[in-house]
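The values are calculated or read from the model by the stated rules, or taken from the named source; none is laboratory data. What you are looking at is a predicted structure, and each value in this text was computed from that prediction instead of being measured. Note: ideal-geometry Cβ built from the backbone for every residue, glycine included; neighbour counts use all protein chains shown.
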Amino acid sequence: MIKVITYGTYDMLHYGHIRLLERAKALGDYLIVGITSDDYDKTRGKINLQQSLMERVEAVKATGLADEIIIEEYEGQKIDDIRRLNVDIFTVGSDWKGVFDYLNEYCKVVYLSRTEGVSSTEIREQKCAVNLGLVGDALFLNKFLIESKYVNGIHVNALYSDNSDLIKKMEGSEIIAITNDYDAFLSSVDAVYIRSLPHYHYEHIKKALKSGKHVLCESPMTLNRSQCEELFQLADSQGLILMEALKTAYATAYARLVLFVKGGKIGNVISINSTCTSIRDVDTKNEWNNIHEWGPTALLPILQILGTDFNECRIISRFREMGNDSYSKVDLLYDHAVGMLQTGDGFKAEGNLIISGSNGYIYVPAPWWKTDYFEVRHENQNENKRFFYQLDGEGIRYELVAFVRAINSGIMENDIARDVTLKIAEIMEKFDQQQGVICI
C-alpha cells in the first residue's frame, strides 16, 4: 500500500483545495491530510482564518477524500509524521516548489500544480472587505495603519484628525481621505477605530453608531458607566458591533495565561499585581491622564480573573500642575483576594504581572502587556514550566482580525466581556469624579 501525505490550512474550503486533494489521492492508495492548528498558523503569520480548527477538519472530512486526518502543531512535525506513519509520498502545491526538498531524505516529494484563479486569501478578502476610518490625533494611528495591512479585508481609507504631524505621516499612505469634518468622514467608511482623547469617545462613538458604522474604540470606551451602557444598547438596536480595543486581550500568551489560572493550575488566586508605566513627553494640554492610558490594561487581568464583583475600590494618585495624574495606584478588594495595580507616566517601574495562588504563581516579565512568554512557578522548582507563544504586531493585528470576524458574523467574541468594559468605565468615572481618591 502506497501512503500519501499532504498538509494545509483548508480555511473556507474551495474547489482549488478539493482538486489538490483529489490529485494527491490519485498518487497512492491511502491519503493522510494534515490540518494546521490555530496556534501553529499564528506562528506562520496566518492570523486571518475565518474558521475554527474543528470546522476545517469537518470540511475536509466531508469531501470523503481523506483516509486519515491529523493535526499539524509544530515546526518539524512533517518529518516526525512521515517516519511515524510510514509515508511513501509527500505532496503539496507547486507554489511551495523547492521548499520541502529536504523531505526527499525520508520519502518521495511531489509538487502539484495549483488551480489558477482561486485562493482562500482572495475569498477572505472579498468576503470580509471593510473600509475602516481612523479617528484621533495620536501618532499611534500610523502604527495602527501599518498593522492593518497584515489583515485581509481591512482597508483603511480615511482619517479624521487635526494633528498636522500625523497628517504628514498619513499623506504618503494609501488613505484616500483626510478630513476634520466628522460627518464627511463617516460617509466614506463602514467602520471606525477611535483613539481620540477619552472625553471625546462617547460623542464620537454615538455619532458613528447613529450613522450605521461599526466601532472599535480604544479603552476606556467612555469615562462614565451609564454612557457605556447607553452605547451598547444603541449598537445592539442597530445591529452593529461595538468593541473595546485592548490589544493585550488578543495576544495568544495572555489568553493562554488566563486559561491556565482559571483551570486551577496555581490553586485559588490570592492576589494579582499588575504594573504599567512609561517615560515620555507629557508637557502637553492634550495628554491623556495616566490612569486613562494605562489603567484599562493594568485592570484587564484582575477583572478577567477575579471578576467584576469586588467589594471596594481604593485609588491613590499623584497629580501634576496641569491637572492630570502622573501616578495612580488602585486596590480592588474581593472576599478572598485582592487586585493591585500601579500605573505611571514620567517614571519607570518593573512592568511585570504576578498572579499568586495557593499552589504556586504565574510570573510575566516586563513589558507584560506585550508578552509572548510566561512562567508557572511552584514551591518545588522542578515543577516550574515556561510557555512561549509568538506575538506579532503587539496584538493589534489579532484585535483587527477579531473585529472583522465580528462584523462579518454579527457575533461578538468574548476576548473582553461586556461587564469588564463597563467596570473599567465605572472605575474611570470614580477617578474623574474624585470619589474617595487619595491625592499624594
> Here are some conditions: (1) closer than 22 Å to N289 by Cβ; (2) among the hydrophobic types (A, V, I, L, M, F, W, C); (3) out of contact with any Pro (no Cβ under 6 Å at 6 or more places or on another chain). I176 meets all but one. Which one does it not meet?
Replying inline: (1)
> Out of (1) at pLDDT 90 or above; (2) farther than 30 Å from L400 by Cβ, what's the single condition that is false for S94?
Replying inline: (1)
>> For the stretch 178-201, which positions are under 17 Å from the mean Cα position of the chain (by Cα) and assigned to a loop (DSSP other than H, G, I, E, B)?
In response: R195
>> What pairs come out if I take residues in the stretch 376-400 that are outside the structural domain of V215 (by TED's automatic domain parsing) and pair them with residues that are assigned to a helix (DSSP H, G or I) and of a type in the set (V, I, T) whose C-beta lies under 8 Å away, six or more apart or interchain?
In response: Y389/T252; Q390/T43; Q390/T252; L391/T252; G395/T248; Y398/T252
> When you go through (1) assigned to a strand (DSSP E or B); (2) within 30 Å of G393 (Cα to Cα) one by one for V110, which number turns out not to apply?
Replying inline: (2)
>> I need every pair where a residue in the stretch 423-438 that is among the acidic types (D, E) has its Cβ under 8 Å from the Cβ of a residue that is assigned to a loop (DSSP other than H, G, I, E, B) and crowded, with 19+ Cβ neighbours inside 10 Å, sequence separation at least 6 or different chains.
In response: E429/L223; E429/N224; D432/L223
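Conditions (1) surrounded by 18 or more Cβ atoms within 10 Å (Cβ to Cβ); (2) over 18 Å from the mean Cα position of the chain (by Cα); (3) hydroxyl-bearing (S, T, Y), marked per residue:
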residue	(1), (2), (3)
A366	no, yes, no
Y373	no, no, yes
R386	no, yes, no
E399	yes, no, no
I424	yes, yes, no
D432	no, yes, no
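When you look at A235, is it more than 20 Å from I407 (Cα to Cα), in a helix (DSSP H, G or I) and touching a strand residue (DSSP E or B) at 6+ places or on another chain (Cβ under 9 Å), yes or no?
no
Hey, among the residues in the stretch 106-129 that are among the β-branched types (V, I, T) and at pLDDT 90 or above, which one's surrounded by the fewest Cβ atoms within 10 Å (Cβ to Cβ)?
Taking the candidates together, the pick is V110.
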>> Which condition from (1) among the charged types (D, E, K, R); (2) under 22 Å from the mean Cα position of the chain (by Cα); (3) at pLDDT 90 or above is the one that E68 breaks?
In response: (2)
>> From the list I146, I175, I205, I167, exactly one residue is of a type in the set (V, I, T), surrounded by 15 or more Cβ atoms within 10 Å (Cβ to Cβ), at pLDDT below 95 and in a helix (DSSP H, G or I). Which is it?
In response: I167
>> L299 - would you say it is in a loop (DSSP other than H, G, I, E, B) and under 19 Å from N414 (Cα atoms)?
In response: no
> What pairs come up if the first residue lies in the stretch 179-206 and is of a type in the set (G, A, S), the second is outside any strand (DSSP E or B), and their beta carbons are under 6 Å apart, counting only those six or more places apart or on different chains?
Replying inline: A191/K213; S196/G136; S196/H204
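Give the residue that is modelled with the lowest pLDDT, with candidates limited to residues of the stretch 1-60 that are of a type in the set (S, T, N, Q) and assigned to a loop (DSSP other than H, G, I, E, B).
Per the criteria, the residue is N48.
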>> I'd like to know if the stretch 336-353 contains one or more residues that are among the small types (G, A, S), buried (at least 22 other Cβ atoms within 10 Å of the Cβ) and either assigned by TED's automatic domain parsing to the domain that holds H201 or in contact with a Cys (Cβ under 7 Å, 6 or more places away or on another chain) (or both).
In response: yes
> In this structure, is E293 touching a Cys at 6+ places or on another chain (Cβ under 9 Å) and under 26 Å from Y200 (Cα atoms)?
Replying inline: yes
